[in-house]
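What follows is a set of notes on a single structure, which appears directly below.
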């Protein structure tokens, strides 16, 4: 279904609860010349919820960039000869003057926020890369939704130079949120995983865990566990686990009168000589030297 524009520059009857606003650019050319408006100039903005049968095709493209943010569902975007599938909490920019088409999935039609824009500052954003940008958290998604709501609220008021400047800055925030804001949510997720893994290691410090055990018990792939440990701990997960065991051995050697063979057994090593070799490799001295403090004189 094609989307047409009514004479009031707002279309409310294409999809239930849709919003669609076009800025009459010709009427406000004097505002467009302001330096803060020239930088990013919004021409159209809309929200199409559950847009079943939504379809748009432009053989010659348009002179504006098109940013599409998928709130839910799935849609497809073709740019030149490449096809992209866009899903919930994903954004995509269609370059200006480029052949394209986009449409909703029949099985799970998307709900999208979108904006057409141009301006001198478009060159500072990676808008021509045709990358699908994932928004990794609900908090980031809420920020984008809020910024679009601000656009709608301002555009429903008077067209003043101040409002044109304001919406230009809001648009800049939307693009910066999508393209430049550090994806701390992904880092937080990885930090949460590594914390969970380390807690699991402490709970099973008297065992001889393998990477396969961590993967199975925590439902994370071995490659992922390896990657996050090398990134945050600068060592392989099992090496990290062995180091935890040796740190625990240090505590027991200093705070108890247990025999070395008893400490070895507590930490899952049946062979105390093997335990002593591992301890010396990790700590730099034997368990006996560590307990006696002989290393201080060396």
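Each value in this text was obtained by applying a stated rule to the coordinates, not by laboratory testing. The model shown is predicted, which means the values in this text are computed figures rather than measured ones. Here the Cβ positions follow ideal geometry from the backbone for every residue, glycine too, while neighbour counts run over all protein chains shown.
Assorted remarks:
- 0 to 90° range, to nearest 10: angle between helix 184-203 axis and the chain longest Cα axis: 20
- Fewest-first ordering of 251, 245 by other beta carbons within 10 Å of each residue's beta carbon gives 251, 245.
- Three-way shape call for region 241-294 based on the alpha-carbon gyration tensor, with the a/c threshold at 1.5: rounded
- Acute angle (nearest 10 degrees) that the helix 161-179 long axis makes with the longest principal axis of the chain, alpha-carbon atoms: 40
- Ranking of 81, 271 by count of other Cβ atoms within 10 Å, fewest first: 81, 271
- Degrees between helix 272-283 axis and first principal axis of the chain (Cα, 0 to 90, nearest 10): 50
- Spin-label zone in region 218-262 - amide nitrogen under 16 Å from a point set 7 Å from the Cα of residue 286 along the C-beta vector: 259-262
- Least to most buried among 108, 17, 141 (fewest other Cβ within 10 Å first): 17, 108, 141
- Cα gyration tensor category, rounded, prolate or oblate, for region 157-298 with a/c compared to 1.5: prolate
- Between residue 106 and residue 63, full extension at 0.36 nm per residue minus the direct alpha carbon distance yields a gain of 12.6 nm.
- A value for mean projected area of the Cα convex hull in nm² was derived from the coordinates, and within the list (i) 14.2; (ii) 15.3; (iii) 22.9 it appears as (iii).
- Over the chain: helical MRE at 222 nm, DSSP H runs n ≥ 4 each giving -39500 (n - 2.57), nearest 500: -13000 deg cm²/dmol
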